[in-house]
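> Structure in structure tokens, see below.
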Amino acid sequence: MSIKSRLILMSFLQFAVWGAYLTSMGNYLGSINLGPKIGLFYAMQGIVSIFMPALMGIIADRWVESQKLLGLNHLAAAFFMLATGYYGYTAGENVDFTTIFTLYSLSVAFYMPTIALSNSTGYAVLKSNGMDTIKHFPHIRTFGTIGFIFSMLFVDFIGFQNGNLTFAFAKSSVGEFISFQNTYHQFYVSAVLGVLLFVYSFTLPHCKVSRSKEKKTMYDALGLKAFSLFKDKRMAIFFIFSMFLGVSLQITNGYANPFITSFKEVPEYANSFGANHANALISISQISETFCILLIPFFLRRFGIKQVMLMSMFAWVLRFALFGFGDPGSGVWMFILSMLVYGIAFDFFNVSGSLFVDNETDEDIRSSAQGVFMMMTNGFGATIGMLGAQYVVNHFVFNKTDVMEQMQGWYSSWLVFAAYSLVITIVFAIVFKYKHNPDKINI
């Protein structure tokens, strides 16, 4: 296999592990009466991202090759994800929140650093083979999104009917079809994929670690030099707004599926495709992401990081607002449009931001700097976002008992999220200063 092909498979598996449960876990939690706790589960991904990616980045920079550390983290994450699924199986409807939350938290504590580690591994392997990261990495990352879509669709269309494993389109007319997206089986799928990536990571090309014999201070040895980036006003502002934008990252992952599925309680939409296959509808977001990743080299070169980030921020405004006004019936076009703009909302921020950090930092702290970027976005940002979103959704939706009041509550919640994104967009446009130099980006 070529270098690109090997990295493509790594990227595919990296995000397939996540896609198995990220957009559907909320449905399962709702089925075991943990709907009001959805925000806590997604916030935990943010909490562990505050310190785990930075810690693992330090280890990768100084002591352990990033591709090996990537595999070891996936093995640990898969073990605890398997335990989460097994506990769901044994507990049935009598799931104890503390137990399942602890097992899940331990799994994501080891998974979240792998996003930055896979980026660092990809960048290092490309550079060691004389390949430009701006030109080649977006194409590789595209297959990560394809892997995510594969897992989403797998857990949506595979399930049980009358005790037998079956495919949604092959189900019989007798008996209820129970999709993996509504059960603990999604955790099993994630665990199996994680073990596969653990094995595969040890076949990847070696990535150098910094083992300089030069005497270093404790500050340097721990990789804390990456935090000196905050002394640069431009980088500090970039990281701070990355946190503010990170607030939006997990909201639709946590609540889009329960929201769309809730339309099954409304007779008008009960038999609609979207209400019964929310994961399939949401997968349009990842399909859009696949294509938008390919646009990043052109947009970064043509417009620069500030304009690209602004495009992402405004796309989040549209993403939330269209959810608020859409439905699985005559308004399904708004759902579809919301899914389409997600590619711009996510990629133009997450992937472009990662490339920006890689280009603006020195080689000896790049893994650590990627960890800091993850800490600010998927750490502080996502944690604040999900805890805030849980408060909003619980207030407007889960505190209501009438179905129509709950639907109105969803509408109000999505508009609150859209208003927040609009404010951040306006402030970022005013505060962040960056002079774009297209000659620095070789495509």
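> Please give the FRET efficiency for SER330 paired with ASP232, using the beta carbon to beta carbon distance and R0 = 56 Å, rounded to the nearest 0.05.
0.65
> Based on alpha-carbon atoms only, what is the radius of gyration of the range 327-443 relative to the globular estimate 2.2 N^0.38 Å?
1.40
> Moving on to the next point. Summarise the long-distance tail of P(r) for the chain by giving the % of C-alpha pairs beyond 36 Å.
Every Cα pair in the chain considered, those over 36 Å come to 24 percent.
> Calculate the radius of gyration of the Cα atoms of the range 373-412 to one decimal place, then report Dmax, the largest Cα-Cα distance, as a whole number, both in Å.
When restricted to Cα atoms, the range 373-412 yields Rg and Dmax of 13.3, 42 Å.
> With n ≥ 4 as the cut-off for DSSP H runs, can you work out [θ] at 222 nm for the chain, using -39500 (n - 2.57) per run divided by the number of residues, rounded to the nearest 500?
About -23500 deg cm²/dmol.
> Related question: Before I look further, what does the range 228-287 give for accessible area per residue, probe 1.4 Å, in whole square angstrom?
Normalised by residue count, the accessible surface of the range 228-287 is 34 Å².
> Leaving ligands, DNA and RNA out of it, work out the accessible area of ASP232 with a 1.4 Å probe and give it in Å² to the nearest 10.
Estimated to the nearest 10 Å², ASP232 gives 60 Å².
> Where in the chain is the longest stretch that carries no trypsin sites (Lys or Arg not before Pro) classed as loop by DSSP and with at most 12 other Cβ atoms within 10 Å?
Counting at most 12 other Cβ atoms within 10 Å as exposed, the longest clean stretch of the chain is 216-432.
> How would LEU34, LEU75 line up by accessible area, probe 1.4 Å, largest first?
Most to least solvent-accessible, the answer reads LEU75, LEU34.
> Okay, next question. Give me the accessible area of ASP402, 1.4 Å probe, in Å² rounded to the nearest 10.
Result for ASP402: roughly 70 Å² accessible.
> With helices defined as uninterrupted DSSP H runs, which ones in the chain have an alpha carbon span along their own long axis of at least 20 Å and mean Kyte-Doolittle hydropathy of at least -1.0?
Membrane-span-like by this criterion, though nothing is claimed about a membrane: 3-19, 66-91, 97-128, 133-157, 185-201, 278-325, 332-360, 403-431.
> Let me ask another. From Cα coordinates alone, what are the radius of gyration and Dmax values for the range 308-355 in angstrom?
Both quantities, over Cα of the range 308-355: 11.7, 40 Å.
> On to the next question. At q = 0.17, 0.23, 0.25 Å⁻¹, what is the log10 ratio I(q)/I(0) for the range 259-301, with the Debye formula run over Cα points and no solvent?
After summing over all Cα pairs, the log10 values are -0.55, -0.71, -0.78.
> Just to verify a number: FRET efficiency for LEU75 and LYS264, C-beta to C-beta distance, R0 = 45 Å, to 0.05?
It comes out at approximately 0.75.
> Something else about it: What's the extension gain from VAL64 to PHE298 if we count 0.36 nm per residue and subtract their Cα-Cα distance?
That works out to 80.8 nm of additional length.
> Continuing with this model, one more query. Which entries of LYS4/LYS435; LYS233/LYS435; LYS264/LYS400; LYS208/LYS435 show an alpha-carbon separation above 22 angstrom in the structure shown?
LYS4/LYS435; LYS208/LYS435
> In addition: Measuring from label point to label point, each 7 Å out along Cα→Cβ, what is the MET131 to MET404 span in nm?
5.8
> I want to check the label-to-label distance for ILE384 and VAL199. Put each point 7 Å from Cα in the C-beta direction and report it in nm to one decimal.
Going from the ILE384 label point to the VAL199 one covers 4.3 nm.
> If I model a spin label at ASP96 and SER31 as a point 7 Å from the Cα along the Cα→Cβ vector, what separation in nanometres do I get?
2.3
> Between SER173 and GLN307, what length in nm is gained on full extension when 0.36 nm per residue of separation is reduced by their alpha carbon distance?
43.0 nm
The values are calculated or read from the model by the stated rules, or taken from the named source; none is laboratory data. Note that the structure is predicted; figures quoted are calculated from it, not measured. FYI the Cβ positions are ideal-geometry reconstructions off the backbone, even for glycines, and counts take in every protein chain you see. With ligands, DNA and RNA removed, areas are computed over all heavy atoms of the protein, side chains included. Shrake-Rupley method; radii C 1.70, N 1.55, O 1.52, S 1.80 Å.
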